Amino acid sequence: MKRKLTALLLTLLMVLALPACSSAQPEPAAPEAPPASAADPAGETPAPAETPASGEKIKIAAIYRDMTQSWFIQEAAAATATAEELGMEPLIVGDSKEDPSVYVNVLDNVLSQDIQGLIVNICDQQLSKMTVDKCAEAGIPVVAVDVPLIDDAGNYLAPAIELDSYLSGKTMGEWLADYIGKNELMTEPETTGMMILAMEKVTSCVPRSDGQYDAFKAAFPEFPEENIIRIDYGGGSSDEGYNAAAATITANPQIKRWFVTAANDEGAQGATRALEQAGLDKDAVVIGLGGYHAKDEFRKDYSCFIASAYIQASVPGQESVKALYEKIANGTPIFEEYKTDKAYGVYPFSAVMVTAENFEEIMGEDAK
């Protein structure tokens, strides 16, 4: 009897001990997460693991086409300050020096530094697909600023921040037409020329010149078509603006009064110097776009560079960094709210005309 009772007690003890033994065993391994796919440049894939939640700072880079131009210096400064405000690693800034081969080297260099996102102001849009492909291979989102990343058919390959180029150009042309009318400058059309300095190889800048032309023709439909001269000045530097304007002035000695519009302030500044050199500045009217060089001309006793379509370089600098931060940290799609007929969101910004009379009020800190 004793034996049976002992056996029964042992069996009961073993049964009671089973839950305790089971809880001592290691937990089953969690299912392995599926491998992450390469990031879509549009920013539609999950954010990388290195986010603020993991205790590591976000690191991104920006490549600008020419860091000798005031616009890009200001844009890079705004982007750098925004990255700092957001608690990111210091922004890595690259300069492609308007040279496609330099751009490729700079791109490879920044991608080798384990960045989590890239801002690009591309100097040659034929390198757009290569840029997007390399970013996808690296698993990082890319945002274009000022100049979109496009394919051969003009389709967008990534989100972008762009000036509303046509509207800005049209605003410039309308302001010029109004100024000409108020000051009665269209007295001798036969010896008057309209010079449109265009950046024909930069798709985002071409509409600026289109808007300038359309507004001028709408205001002066009878103006001699042969006296409207549209000329390409390459990458948009002051030297290129000077050379293009000087060549146009020399080739048209019959023109005694010039109205000039340019795709940026550098072109307008170059044209101003060319008109001064030719002794034609006193009767000329020059308009730029940007405001960053115009403000220096406004402070002179006299300059034929009398107006500019002011745009804030800080806008693309700030918004590009913010968009990448939100994508990387929180998985927020880039510029989703700005999607229209394009495959990707395009953040728009526009310009307002400034002159010597109002630039300090309108430009604020940028006027200094």
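Couple of notes before you dig in:
- Within the range 144-188, the residues that satisfy the criterion of being assigned to a loop (DSSP other than H, G, I, E, B) and without any contact (Cβ under 8 Å) to a residue 40 or more places away in the chain are Asp151, Asp152, Ala153, Asn183, Glu184, Met186, Thr187.
- In the range 96-111, the residues that are in a helix (DSSP H, G or I) form Cβ pairs under 7 Å with partners that are polar (S, T, N, Q), at six or more places apart or across chains, as follows: Val102/Ser96; Tyr103/Ser96; Val106/Ser96; Leu107/Thr131.
- Annotation note: of Glu336, Glu297, Glu319, Glu361, the sole residue that is surrounded by fewer than 16 Cβ atoms within 10 Å (Cβ to Cβ) and within 23 Å of Ser165 (Cβ to Cβ) is Glu336.
- Some residue of the range 349-357 being among the aromatic types (Phe, Trp, Tyr), buried (at least 17 other Cβ atoms within 10 Å of the Cβ) and either assigned to a helix (DSSP H, G or I) or within 19 Å of the chain's Cα centre (by Cα) (or both): no
- Qualifying residue in the range 202-213 (condition: surrounded by fewer than 23 Cβ atoms within 10 Å (Cβ to Cβ) and of a type in the set (Phe, Trp, Tyr)): yes
- Of all residues in the range 321-362 being touching a residue at least 40 places away in the same chain (Cβ under 8 Å) and among the aromatic types (Phe, Trp, Tyr), the one that is farthest from Ala83 (Cα to Cα): Phe359
- Here Ile306 clears all of (1) part of a loop (DSSP other than H, G, I, E, B); (2) at pLDDT 95 or above except the condition numbered (1).
- Of all residues in the range 125-151, those being in contact with a Cys (Cβ under 9 Å, 6 or more places away or on another chain) and among the β-branched types (Val, Ile, Thr) number 2.
The values are calculated or read from the model by the stated rules, or taken from the named source; none is laboratory data. Every value quoted in this text rests on a predicted model; they were computed, and no experiment measured them. Glycine gets a Cβ as well: all are built from the backbone with ideal geometry, and neighbour counts include every protein chain shown.
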